[in-house]
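*Asks:* First the structure, which I've put down as structure tokens, then a few questions once you've had a look.
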């Protein structure tokens, strides 16, 4: 699956980075595939779900900290850029516009209805 993917999101947490076995094997395989990608291609994006320590072999990559204020916007921009790069979107496609709705960043979805009294 990883080899056929246009992009790989690696979700990391304090628990997953210390877990041995399948997670580490999949990560090693994804990093091997990264080596076959053009140098400037967005292919593997580490997503930190919490303030976990970055594994040494991922430190050279651009991260998205999902607990940071701008995380969703950064992730969507990276996904948009990759989609254009692999031809899934035409180059003139406008980037996803982020706006703040009730204190949370969301995509261009309509605003939530007001809460009942």
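The values are calculated or read from the model by the stated rules, or taken from the named source; none is laboratory data. No experiment lies behind these values; they were computed from the predicted model shown. Don't worry about glycine lacking a Cβ; one is built from the backbone with ideal geometry, like all the others, and counts go over all protein chains shown.
*Asks:* From the list 117, 70, which one is more than 14 Å from residue 45 (Cα to Cα), modelled with pLDDT under 90 and touching a strand residue (DSSP E or B) at 6+ places or on another chain (Cβ under 9 Å)? I'd like the intermediate steps shown before the answer.
*Replies:* Details: 117 fails: touching a strand residue (DSSP E or B) at 6+ places or on another chain (Cβ under 9 Å).
The unique qualifying residue is 70.
*Asks:* Within segment 30-44, count every residue that is in a loop (DSSP other than H, G, I, E, B) and closer than 19 Å to residue 15 by Cβ.
*Replies:* The total comes to 0.
*Asks:* If a residue has to be surrounded by 14 or more Cβ atoms within 10 Å (Cβ to Cβ) and either over 13 Å from residue 46 (Cβ atoms) or free of Cβ contacts under 8 Å to residues at least 24 places away in the same chain (or both) to count, how many in segment 3-24 make the cut?
*Replies:* 3
*Asks:* I'd like the full set of residues that are out of contact with any strand residue (DSSP E or B) (no Cβ under 6 Å at 6 or more places or on another chain) and either at pLDDT 90 or above or over 22 Å from residue 1 (Cα atoms) (or both), limited to segment 50-61.
*Replies:* 50, 51, 53, 54, 55, 56, 59, 60
*Asks:* Counting just the residues of segment 6-24 that are over 20 Å from residue 65 (Cβ atoms) and at pLDDT below 90, which one comes out nearest to the chain's Cα centre (by Cα)? Steps first, please.
*Replies:* First, pick out the residues of segment 6-24 that are over 20 Å from residue 65 (Cβ atoms): 6, 20-22, 24.
In the following step, the residues that additionally are at pLDDT below 90 were identified as 20-22, 24.
Working: 20: 23, 21: 23, 22: 20, 24: 18 Å.
Here the answer is 24.
*Asks:* When you go through 47, 75, 79, 27 one by one, which is the residue that is within 15 Å of the chain's Cα centre (by Cα), modelled with pLDDT under 90 and not in a loop (DSSP other than H, G, I, E, B)?
*Replies:* After applying the criteria, what remains is 27.
*Asks:* Let me ask you something else. Residue 49: surrounded by fewer than 15 Cβ atoms within 10 Å (Cβ to Cβ) and either under 13 Å from residue 12 (Cα atoms) or touching a helix residue (DSSP H, G or I) at 6+ places or on another chain (Cβ under 8 Å) (or both), yes or no?
*Replies:* yes
*Asks:* If you take the residues in segment 35-46 that are without any contact (Cβ under 8 Å) to a residue 24 or more places away in the chain and under 17 Å from residue 85 (Cβ atoms), which one is surrounded by the fewest Cβ atoms within 10 Å (Cβ to Cβ)?
*Replies:* Among those that are without any contact (Cβ under 8 Å) to a residue 24 or more places away in the chain and under 17 Å from residue 85 (Cβ atoms), it is 39.
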